[in-house]
1. Largest first and to the nearest Å, give the Cα extent of region 96-198 along each principal axis.
2. Can you compute the helix-only [θ] at 222 nm over the chain? Use -39500 (n - 2.57) per DSSP H run of at least 4 residues, normalise by all residues, nearest 500 deg cm²/dmol.
3. Between region 91-134 and region 1-58, how far is it from one alpha carbon centroid to the other, in angstrom?
4. Fewest Cβ neighbours within 10 Å first, please rank 76, 85, 25 accordingly.
5. Looking at region 1-94, what % of the alpha carbon pairs are farther apart than 16 Å?
6. Which three extents, in angstrom, do the Cα atoms of the chain have along their principal axes, listed largest first?
7. Counting just the Cα atoms, what span does region 42-90 cover along each of its three principal axes? Round to the nearest Å and put the largest first.
8. Take 16, 10 and order them by how many other Cβ atoms sit within 10 Å, fewest up front.
């Protein structure tokens, strides 16, 4: 792996379609950097800050964005496969329509985020903060959602089948039309105090 790039600030740079494979950034700041259609495989960003960065239509595989902060970034049609975002925070970002497959998004802050129509499949999202997030029509399937902070989240029409909903209190979310499987339905009914019998 190349030597890490540490504590560098990048301003107003055009990295359109840049190949970021195996690059390693630590504590760097990216401000108004254009990463439209950029790709990464095995790249690592640790404790970096991204402000007004365009990730539009970018593709990332087996890369890590750990303990990073994303402020007013645009992730239109971005795709992340097998990536780690542990401990990262998204603040006023455009996240639609984001596609995430596999990887670890545990302890990520997405409170109040507009996640309508996004797709998270097979993702580890333990203790992620989704309080007040809008997941209307989103797909969050086959994922570990244990310990997620759900208060005031909007789940209308969201497909949660196959995900671990441990800790989801149906009374604190908007849930009309939320799609769940039979096992999940039983657990949610018990969470509401029902005595489920065969």
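Laboratory data are not the source of any read-out in this text; all were calculated from the coordinates shown. None of these values were measured; they are calculated from a predicted model. Cβ placement follows ideal geometry from the backbone for every residue including glycine, while neighbour counts extend to all protein chains displayed.
1. Dimensions of region 96-198 along the principal axes of its Cα atoms: 40, 23, 22 Å.
2. Helix-only estimate at 222 nm: -1500 deg cm²/dmol.
3. 20
4. Arranged by neighbour count, lowest to highest, 76, 85, 25 become 76, 25, 85.
5. Of all Cα-Cα distances in region 1-94, 51 percent exceed 16 Å.
6. 60, 28, 23
7. Between the extreme Cα coordinates on each principal axis of region 42-90 lie 22, 21, 13 Å.
8. 16, 10
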